[in-house]
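To start, the structure under review is shown below, and the notes come after it.
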């Protein structure tokens, strides 16, 4: 950046003319000229870089100054020095051109068909319906894009996003959570519900005390995970705790097998549980889970350009918008 001098006195240009300059007169060529001048320092060198005459560059500068009603440069021999207003405009010009260059790169990827690989981490409770629906949409938008899925608990997924192992992670939230360096978005709200197999002794109960449910073995999230902590807090509010003999599992397939073949009690996402009820596989117990782990969020590294990941984020948002309502 070049030294700034005191700007010249304003020419008597009405405010509406100034607005018209930015709304209609200012062109991309003006911004390129300013950015090049900031980089090269001489009109002659800018003209050579653009393969035009020096008078063409001078004309560009004159148009800018006429529209602003302010001088943007001051000539000092063969070099030019930006005025305060010129320096401000040149800096913004560089920023705009940088964003345009990034946009050109992103559009080229989208135009030519996204390819490569994106890695998505997800908690088990999001893999039942949300993630499959999102991947269906991604398949239509970017059929050449490969996706690697990693299933784990939130406490292990989020560090994976931070260190770059994962491009994004879908987790269920119990308490507000902020991670420096990560951006996040609420996708949807869908609480977990308490279920048993369709032939379980409690399956047909219309009323049930929490203490009665403690007489059976439970399938619970892995100890130390946020989901396990949320379940413990819920049970504690009702004077209960995880009963002995619990099975810690994050496998949806295994959980369903235990529910349908044994006398276990477990947790399922509400919408997936409804589907399983309709299929005659499980029954939802009449226990109020108080919106247990209801908020589903997606996390990704902020300030990172990643077109493929961004398309995946859009597909997740669209899939969430299409999920059933309470």
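Annotations for the structure displayed:
- DSSP bridge orientation in the chain - percent antiparallel, rounded to nearest 5: 65
- Each of 315, 88, 51 was scored by other Cβ atoms within 10 Å of its Cβ. Listed from fewest to most, they are 51, 88, 315.
- Normalised by residue number, the volume inside the convex hull of the Cα atoms of the range 192-284 is 93 Å³ per residue.
- Between residue 140 and residue 100, the modelled labels are 3.4 nm apart [label points 7 Å from Cα along Cα→Cβ].
- Order of 190, 63, 279 - criterion: other Cβ atoms within 10 Å of each residue's Cβ, fewest first: 279, 63, 190
- If the Kirkwood radius is taken over C-alpha pairs of the range 226-326, then at 4 °C and 1.567 mPa s the Stokes-Einstein diffusion coefficient equals 79 µm²/s.
- Folded to 0 to 90 degrees: helix 226-237 orientation relative to the chain principal axis, Cα: 50
- Order of 179, 200 under a 10 Å beta carbon neighbour criterion, fewest first: 179, 200
- The equivalent ellipsoid that matches the C-alpha gyration tensor of the range 143-238 spans semi-axes of 33, 17, 12 angstrom, in descending order.
- The largest-to-smallest principal axis extents of the Cα set in the range 25-163 are 69, 32, 24 Å.
- Here is the P(r) of the range 9-80: all C-alpha pair distances, binned every 5 Å from 0, give 3, 17, 26, 24, 16, 10, 4, 0 in whole percents.
- More than 12 angstrom apart: percent of Cα pairs within the range 155-198: 69
- Share, in percent, of DSSP beta bridges within the range 192-284 that are antiparallel, nearest 5: 75
- Within the chain, the percentage of alpha carbon pairs spaced more than 32 angstrom apart rounds to 51%.
- Between the range 228-248 and the range 155-181, the Cα center-to-center distance that results, in Å: 24
- Acute angle (nearest 10 degrees) that the helix 84-112 long axis makes with the longest principal axis of the chain, alpha-carbon atoms: 50
Rule-based calculations on the coordinates, nothing more; no lab input. Only a predicted model underlies this, so the values are computations on that prediction, with no experimental measurement involved. When we count neighbours, we look across all protein chains shown, and the Cβ atoms used for this are built from the backbone with ideal geometry, even at glycine.
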